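Here's the structure we're looking at; comments come further down.
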Amino acid sequence: MTTGIAGPRSGRVVGILLCVVPLSQIPLDIYTPAMPDMVADLASTSTAVQATVAAYMVGLAVGFIPVGVLADAWGRKRVLTVCIGVVIVASLACAVATTVPLLLGARFVQGLGACACMVLGYAIAADCFRGKKLTSVAGLLGAAWGLAPVIAPAVGGVLAQFLSWRLIFVLIATMTAAVGVLVVAALPETLAPADRVPVAVRATWRNSASIATHPVFVCFVAVFGLMAAAQLAFGVAGPFLYQSTLGFAPAAYGLIALCVGGANLVGELACSWFATRTSTRRLAYSAFAVFGAGTAVILTSALTVGSNAWALTIGAALALAGCGILCPQMYGLALGLFTKNLGLVGGIATAASYLIVSAALTLVGVLPETSPAPLGWLYAGCGLAGVLLLGWATSTRRRTDDQTVPTAPRTTDPQRL
């Protein structure tokens with residue numbers, strides 16, 4: 001299945017992936033502190049500008065499966081390189097957009113290209129690692145992905161306050177170009193020619209149906225989508241809660257987002273550390289407990305004293321720490337169920353989860369922004385649904401009764417659950 005990459009070379013691959021994976025998230029987080037300024041500059045509304053987040057997410061979701069299929073047929077590196085080029089062009093188009101419709105179109109295309117950075121990053125990891133090692137590496141990649149909400153809003157807040165929101169998109173293009181050079185120069189191809197799957201509509205449809213109807217896979221993907229939605233909802237609602245409702249400056253909000261994102265990063269690193277040291281259920285339910293504590297802080301504060309910066313920040317930090325553990329864990333477990341067609345598997349997993357995210361972010365965009373209560377209720381719903389799905393997926397009965405997928409069989413790590 002793999003090209004047999006090991007030792008220092010596998011370490012080099014992980015190092016490059018740590019640079020690639022965040023490129024799917026940075027365009028989502030770095031400009032959020034500038035959204036209030038964009039509303040004024042483009043003579044638009046907060047709902048319309050927030051829709052640029054959903055447009056990017058829809059672009060991601062639409063691109064995941066085609067990119068995964070093409071990468072299974074043509075190899076990971078070639079497809080990744082082309083998609084990086086698309087991100088660069090679309091980012092520059094965002095920088096010069098003069099209307100919200102133009103910005104929406106550019107953001108959609110930007111998402112189409114950036115989807116490869118996530119789905120192929122994890123597919124390359126799955127080419128090289130299996131079992132609990134894959135979950136551990138997924139945690140490291142999740143930590144890199146989690147650096148975006150840690151660093152990006154702070155950088156974007158400074159650029160928005162002292163320069164221009166348009167320079168934020170120029171910075172995205174520049175960073176993407178730098179990573180593209182690294183990919184071209186140093187990333188080896190991890191999918192051997194003998195393991196490639198030619199593009200065939202009927203076979204792809206048949207394999208997709210087999211993967212998408214795998215019940216445990218569906219549960220892991222749904223939990224990943226719910227937790228990713230909770231994580232990204234803060235990035236959409238946060239600028240308006242802190243800046244419009246509480247009166248914070250963009251740079252000040254960027255620092256708060258830095259702290260909250262730091263908690264998320266701690267969760268990602270915890271996933272990598274504990275994935276090989278404890279059971280799936282123990283790690284996941286501990287993460288849900290942390291997430292639930294943060295949700296309780298946000299809701300209790302919103303329903304008793306109203307908008308409070310300390311309560312919102314502490315609650316969001318706890319909730320995002322739980323998300324930081326659950327997102328890479330669920331994604332790694334979903335990929336680890338299969339040994340073939342990993343680009344397609346990753347594409348389906350990520351597309352489905354990001355459709356959940358897109359729906360949640362659209363909901364956040366139309367909810368009132370004068371109180372943290374809607375955000376808290378969203379977290380409560382995501383957490384409850386996630387616990388129920390995970391409990392069903394990891395039950396002894398499901399592990400015993402579930403059937404192997406014929407076109408993309410599961411691995412047989414007895415310690416996974």
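The values are calculated or read from the model by the stated rules, or taken from the named source; none is laboratory data. Note that this is a predicted model, so its numbers are computed, not measured. Counting neighbours? That spans all protein chains shown, and the Cβs are built from the backbone with ideal geometry, glycine included. The accessibility values were calculated without ligands, DNA or RNA, using every heavy atom of the protein model including side chains. Shrake-Rupley method; radii C 1.70, N 1.55, O 1.52, S 1.80 Å.
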Would you kindly state how much longer the chain becomes between Arg281 and Trp392 on full extension, computed as 0.36 nm times their sequence separation minus their alpha carbon distance, in nm to one decimal? 38.9 nm
How big is the C-alpha Rg of the range 17-92 next to the rule-of-thumb value 2.2 N^0.38 Å, as a ratio? 1.31
For the range 200-402, the Rg and Dmax computed from alpha carbons only, in angstrom: 17.9, 58
Which value, in Å² rounded to 10, gives the accessible area of Tyr31 with a 1.4 Å probe and all protein chains present? 0 Å²
Could you give P(r) for the range 48-121, binned at 10 Å from zero, as whole percent values over all Cα-Cα pairs? 23, 49, 23, 5
Students sometimes get this wrong: rank Trp165, Trp205, Trp392, Trp74 by accessible area, probe 1.4 Å, all chains present, largest first. Trp205, Trp74, Trp392, Trp165
Angle between the Cα long axis of helix 8-20 and the longest principal axis of the chain, 0 to 90 degrees, nearest 10? 30 degrees
Hydrodynamic radius by Kirkwood, which averages 1/r over all alpha carbon pairs of the range 268-374, in angstrom: 15.7 Å
Using only the alpha-carbon atoms, how far is helix 46-74 inclined from the longest principal axis of the chain? Give it as 0 to 90 degrees, nearest 10. 10 degrees
Residue-count net charge about Val119 - beta-carbon cut-off 15 Å; Lys, Arg +1, Asp, Glu -1: +1
Can you give the charge dipole size of the range 13-188 about its Cα centre, rounded to the nearest 20 debye, using +1 on the beta carbon of Lys and Arg and -1 on the beta carbon of Asp and Glu? 500 debye
Residues other than Met35 with Cβ under 14 Å of its Cβ, Lys/Arg counted +1 and Asp/Glu -1, net out at -2
Give me the tail of P(r) for the range 138-236 as a percent: Cα-Cα pairs with distance above 22 Å. 60 percent
Working from the alpha-carbon coordinates of the range 13-188, get Rg over Rh, Rh being the Kirkwood radius. 0.99
Unit charges on C-beta of K, R, D, E only; dipole of the range 200-402, Debye: 680 debye
In whole Å, what are the extents of the chain along the principal axes defined by its C-alpha atoms, from largest to smallest? 57, 44, 39
Measure off, as a whole percent, the carbon and sulfur share of the 1.4 Å-probe accessible area of the chain, all protein chains present. 72 percent
On a 0 to 90° scale, report how tilted helix 373-393 is relative to the longest principal axis of the chain, with both axes built from alpha carbons and the result rounded to the nearest 10. 10 degrees
Run the numbers for Thr213 and Arg196: contour at 0.36 nm per residue of separation, minus the present Cα-Cα distance, in nm. 3.8 nm
